[in-house]
Amino acid sequence: MIQVSGLRKLYGDTVALDGVDLHVREGEIYGVLGESGAGKSTLLRCVNLLERPTAGTVTVAGQELTALTERELNRARRRIGMIHQHFALLSSRTVAGNVAFPLEVMGVPRAERRRRVAELLDLVGLGGRGGDHPHQLSGGQKQRVGIARALAGDPAVLLSDEATSALDPATTHSILDLLKRLNAELGLTILLITHEMDVVKSVCDSVAIMADGRVRESGRIADLIRTP
Ligand code: ADP
Ligand code: ADP
């Protein structure tokens, strides 16, 4: 579902990615684990081409994104949802307005938008909260809005940028449970980056361990992590 080959990214003299290969299968939850500065967020931004890699290719759902023009990319990115550590919600818009935002950009008609927003809010456990503003919500609820918004375009893959790092352990658990449920029920492929081994252990099928812009080890969790 996601194929990354020979990915390099330089920022001036800094080598952020030094030849990364990654293969995420359809329907799996794939974790990229590493310490700060390892290159995880650069990798994630290169997967949806928010950042142009210096070299290498990225293919998502059969489409080679690195070969597309900016215009073609805008369309292709609809199939890629993303959630963020600090939620990235629009504070002036309601919960429903945040979830509706990508639908508005896609030109989805108003009635269809309303129906779809209600459906998405139900899916993430926020039915009836559409009229609230983000400041009225807890951190976990804000992330649920972020997830609903990310799913608005019916994406093939969800990218998660440290989505639980700003949350307490109980809330982290409930958000990870939601991601697991979406993975199981919708068949959603998820690529997540994290610096927490516990996150990888509790939700991921496969993992790549990164350091200094390279993948040091990768494979199925069951093969890599043996718990006594
Ligand atoms: P991680 O997400 O694992 O913490 P990053 O991808 O943020 O790692 O960073 C990898 C390396 O690339 C670091 O050395 C970082 O300083 C550098 N880097 C990341 N983004 C930029 C940028 N926009 N400009 C310059 N250097 C950057
Ligand atoms: P904003 O003022 O932030 O633009 P709106 O109230 O205009 O928010 O709603 C934005 C979008 O969300 C619209 O597409 C609307 O159809 C939809 N919407 C608004 N309220 C609800 C709700 N309670 N449930 C579902 N969809 C809603």
Test for THR42: is it more than 16 Å from ligand 1 (Cβ to nearest atom) and either surrounded by 13 or more Cβ atoms within 10 Å (Cβ to Cβ) or not basic (Lys, Arg) (or both): no
Condition met for ASP177 (modelled with pLDDT of 95 or more, under 25 Å from ARG25 (Cβ atoms) and within 16 Å of ligand 1 (Cβ to nearest atom)): no
Set ARG78, ARG71: member being under 15 Å from the mean Cα position of the chain (by Cα), more than 16 Å from ligand 1 (Cβ to nearest atom), over 24 Å from SER165 (Cα atoms) and at pLDDT below 95: ARG78
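Within segment 142-153, which residues are over 13 Å from ALA166 (Cβ atoms) and assigned to a helix (DSSP H, G or I)?
Selection gives ARG144, VAL145, ILE147, ALA148, ARG149, ALA150, LEU151.
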Being in contact (Cβ under 8 Å) with a residue 24 or more places away in the chain, within 16 Å of ligand 2 (Cβ to nearest atom), out of contact with any Ser or Thr (no Cβ under 9 Å at 6 or more places or on another chain) and more than 28 Å from VAL15 (Cβ to Cβ) narrows it down to one of VAL108, VAL99, so name that one. VAL99
Out of (1) free of Cβ contacts under 8 Å to residues at least 40 places away in the same chain; (2) charged (D, E, K, R); (3) at positive phi, the one GLU162 does not meet is (1)
Which residues, taken from segment 1-22, are in a loop (DSSP other than H, G, I, E, B) and exposed (fewer than 15 other Cβ atoms within 10 Å of the Cβ)? GLY12, ASP13
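To keep it simple, each residue is scored yes or no on (1) basic (Lys, Arg); (2) within 16 Å of ligand 1 (Cβ to nearest atom).
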position: GLY27; (1), (2): no, no
position: GLY37; (1), (2): no, yes
position: GLN85; (1), (2): no, yes
position: ARG93; (1), (2): yes, no
position: ALA111; (1), (2): no, no
With respect to GLY39, determine if the residue is without any contact (Cβ under 8 Å) to a residue 40 or more places away in the chain and more than 15 Å from the chain's Cα centre (by Cα). no
Every residue in segment 43-84 that is more than 24 Å from LEU103 (Cβ to Cβ) and either among the basic types (Lys, Arg) or in contact (Cβ under 8 Å) with a residue 40 or more places away in the chain (or both), please. LEU43, CYS46, GLU51, ARG52, PRO53, THR54, ALA55, GLY56, THR57, VAL58, THR59
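Among the candidates ALA156, ALA150, single out the residue that is crowded, with 19+ Cβ neighbours inside 10 Å and at pLDDT 95 or above.
Matching residue, one of ALA156, ALA150: ALA150.
The values are calculated or read from the model by the stated rules, or taken from the named source; none is laboratory data. Computed from a predicted model, the values in this text were never measured in an experiment. A quick note on method: Cβ atoms are made from the backbone with ideal geometry, for glycine too, and the neighbour counts reach across all protein chains shown.
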